[in-house]
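Structure first, commentary second.
The values are calculated or read from the model by the stated rules, or taken from the named source; none is laboratory data. Quick caveat, the model's predicted, so the values are computed rather than measured. Heads up, the Cβs are rebuilt from the backbone with ideal geometry, glycines too, and the neighbour counts pull from every protein chain shown. Ligands, DNA and RNA are stripped out before the accessible areas are found, and what is left, the full protein with its side chains, is counted by its heavy atoms. Shrake-Rupley method; radii C 1.70, N 1.55, O 1.52, S 1.80 Å.
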Amino acid sequence: MSKDYLNLSWAQDLKNPKEKILYRFFEILPGFLSWGTLGSAFILSWLAPVVVAIFIIAFDLYWLLRISYLSFHQLASYKQMKKNLKIDWLKKLKELKRWPEIYHLIILPMYKEGIDIVKPTLQALENSNYPQDKMIVVLATEERAGEAAQKLAKKVETEFGKKFFRFLITTHPQNITGEVSGKGSNQAWAAKIAKEKIIDPLKIPYQNIIVSGFDIDTRVYPQYFACLTWHYLTAKSPLRSSYQPIPVYNNNIWQAPAFSRVISTSGTFWQMMQQQRPEQLVTYSAHSMPFKIFEEVGYPTNLISVNDDSHIFWKSYLYYNGDYRVIPLYYPVSMDAVMAKSWLRTAFNQYKQQRRWAWGCTEVPYIFYGFLKNKKIPLREKFRHCLNLLDGFWSWATCALLIFFLGWLPLMLGGEGFNISLLSYNLPRLTGQIMSVAMIGMVIAATISMLLLPPRPVGYSRWKNLSMIFQWLLLPLTLIGFGTFPALDAQTRLILGKPLGFWVTEKIKK
């Protein structure tokens, strides 16, 4: 069966008018559900306030159960991560016969980041306890970044070029037909050049290479590659799996504004929860996969980053007819929280980053259409993935508003008849009590966030620790301003058929 649908990006890529309409329907679906929910909440609060009041109570109870369920997974994941950090993975690895055969192709896409961002990433690789003579490091630059980026890359090569098995600088050309400028296309180009210049000439078997695509600010912990290699060599189906660490935004956590810390740490917690639910785990940001899959499936070059990170999983899942999964490593890598030169610019960048991540709603039409085309994936698996996808993007765009505002809508719009009822009197009290109990989730989040903190830098008082606790009071605002709004923005763009333009998150050091 032809698998041309694996390279689809938009409805207009299809030639058949009926299939184009079907794909367009799937593009509209996420935004339709989100806007339909919010619109119905307003209209029904006016026309049927009793129905909405009962729905609010049921929804709050559901949210309490969901928070409890996710908090349990968060605690279990944290416990496993701390355990994995104490394991001597290199010692365990040396018990396996094949481990000396494994090479790591590490691709570091960079744009206009400064030496203070790039150098610590290379230093972390150098400090890794995995043999450096098994590391192929590719510093993947962009032609459109200009001469300054090339000079910086050469400077880095001078310091680190001889410390690994191979060190390669690639320059991704601009304006390649059919590509979208971004991390994905840069990584695909870097892997292509590494294959031509290093892998094929040295005749390294593809199944003996693990490729890791890291943001340029990603710093690995010393045992990361040993942990990754061990999981690769002991996996049930190593050539049908990707490998996912936990991103921890600790590089600049003490310097970043409070709202940026809350958003970044919330992202860490979500990934921790997902590691406990591997049936729902999808590749995200820093991740690794066999080079053999990278070559067979083809890394996406026509998508907005970060979308390519999840897209390579779904493309592989469809390519191998559902015989593909993500293996959780329960091991962290450290990255940067969003931070710019001013508070306002940081907020602006944070919003744009969240909107770019929310642009992952483009996976809904891609996967739904792919499931219709692929007859070999079991129907129950298709249904489970479809439900999880829709629930994820719907929750992202609606739940914060439903939780913090829906409880007041019937009182505001329900009219005098509803406002004098017993249900009207008890509604805010009952929902308030349920949400108070649900605050246990925030308490757990605040506690784990303090346990994850790196040592306080010199020059910061102990009062800064208190701000790290009280920052979680900003959670309702961040969930709406940097969760709901960018998600609705992305889904609305998809409804209107307006692609999200390329944008690189600004990275600075203070």
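Packing order of peptides 364-373, 18-27, highest average first: 364-373, 18-27 (average count of other Cβ atoms within 10 Å over each peptide's residues).
For the pair Ala148 and Lys3, a Förster radius of 30 Å applied to the C-beta separation gives a FRET efficiency near 0.15, rounded to the nearest 0.05. Scaled against 2.2 N^0.38 Å for its residue count N, the alpha carbon radius of gyration of the range 96-177 is 1.19. Between the alpha-carbon centres of the range 382-444 and the range 450-490 there is a gap of 23 Å. Taking Cα atoms, how many degrees apart are the long axis of helix 363-373 and the longest axis of the chain, rounded to 10 and kept between 0 and 90? It works out to around 80 degrees.
Take every Cα pair under 8 Å whose residues are at least 6 apart in sequence, average their separation, divide by the length of the chain, and the relative contact order is 24 percent. Please compute, over every Cα-Cα pair in the chain, the percentage with a separation greater than 46 angstrom. Percent of Cα pairs beyond 46 Å in the chain: 13. Taking other residues whose beta carbon is less than 12 angstrom from the beta carbon of Met468, and scoring Lys, Arg as +1 and Asp, Glu as -1, yields +4. Work out, in µm²/s and without decimals, the Stokes-Einstein translational diffusion coefficient of the range 278-348 at 10 °C, 1.306 mPa s, Rh from Kirkwood over C-alpha pairs. Answer, rounded: 112 µm²/s. For the range 75-110 versus the range 196-216, the spacing of their alpha-carbon centroids is 18 Å. How would you classify the range 390-510 from its alpha-carbon gyration tensor, with a ≥ b ≥ c the square roots of the eigenvalues: rounded for a/c under 1.5, else prolate if a/b is greater than b/c, otherwise oblate? Oblate shape, in that a/c is at least 1.5 and b/c is the bigger or equal ratio. Accessible area per residue for the range 257-368 is 25 Å², calculated with a 1.4 Å probe on protein heavy atoms, without ligands, DNA or RNA.
A Förster radius of 35 Å, combined with the Cβ-Cβ distance separating Leu422 from Trp35, puts the computed FRET efficiency at roughly 0.60. Partner aspartates and glutamates whose Cα lies under 19 Å from the Cα of Lys79, excluding those fewer than 8 positions away in the same chain, are identified as Asp88. Using the beta-carbon distance between Glu19 and Leu379 and R0 = 22 Å, what value does 1/(1 + (r/R0)^6) give for FRET efficiency, to the nearest 0.05? With R0 = 22 Å, the Cβ-Cβ based efficiency is 0.60. Here the extension length gained between Lys119 and Ala235 equals 38.5 nm, from 0.36 nm per residue of separation less the Cα-Cα distance. For a straight C-alpha distance cut-off of 17 angstrom, the aspartates and glutamates reachable from Lys373 (same-chain residues fewer than eight places away being disregarded) are Asp4, Asp13, Glu19, Glu27, Asp323, Glu363, Glu381. Spacing of the modelled spin labels on Thr177 and Ile440, each 7 Å from Cα toward Cβ, amounts to 6.1 nm.
Counting only protein heavy atoms and a probe of 1.4 Å, the accessible surface of the chain is 63% carbon and sulfur.
Annotation: extensible slack from Trp46 through Asp88 equals 9.0 nm (criterion: 0.36 nm per residue apart, minus Cα-Cα distance). Prolate is the label for the range 57-99, because the ratio a/c of its alpha-carbon gyration tensor axes (a ≥ b ≥ c) is 1.5 or higher and a/b is greater than b/c.
Summarising the label geometry, the points placed 7 Å from Cα in the beta-carbon direction at Asp200 and Glu159 lie 3.4 nm from one another.
Counting only residues at least eight positions apart within a chain, or on another chain, the lysines with an alpha carbon under 27 Å from that of Lys352 are Lys112, Lys119, Lys183, Lys315, Lys341, Lys498, Lys507, Lys509, Lys510.
Among the listed pairs Lys3/Lys375; Lys155/Lys203; Lys195/Lys236, those whose Cα-Cα separation exceeds 18 Å are Lys155/Lys203; Lys195/Lys236.
Per residue, the range 44-130 exposes an accessible area of 52 Å² to a 1.4 Å probe, with every protein chain left in place. How big, in percent, is the set of alpha carbon pairs in the range 248-396 lying more than 22 Å apart? Cα-Cα pairs of the range 248-396 separated by over 22 Å account for 46 percent.
Sorting the segments 468-475, 340-347 by their mean number of nearby beta carbons within 10 angstrom, highest to lowest, gives 468-475, 340-347. Please label the shape of the range 1-78 as rounded, prolate or oblate, based on the square roots a ≥ b ≥ c of the eigenvalues of the alpha-carbon gyration tensor (a/c under 1.5 means rounded; beyond that, a/b larger than b/c means prolate, else oblate). Taking the square roots of the gyration eigenvalues as a ≥ b ≥ c, the range 1-78 is oblate.
Taking label points 7 Å from Cα along the Cα-to-Cβ direction, Gln12 and His73 give a separation of 3.8 nm. Relative intensity of the range 1-131 on a log10 scale, I(q)/I(0) at q = 0.21 Å⁻¹, equals -1.18, per a Debye sum over C-alpha point scatterers of equal strength in the absence of solvent.
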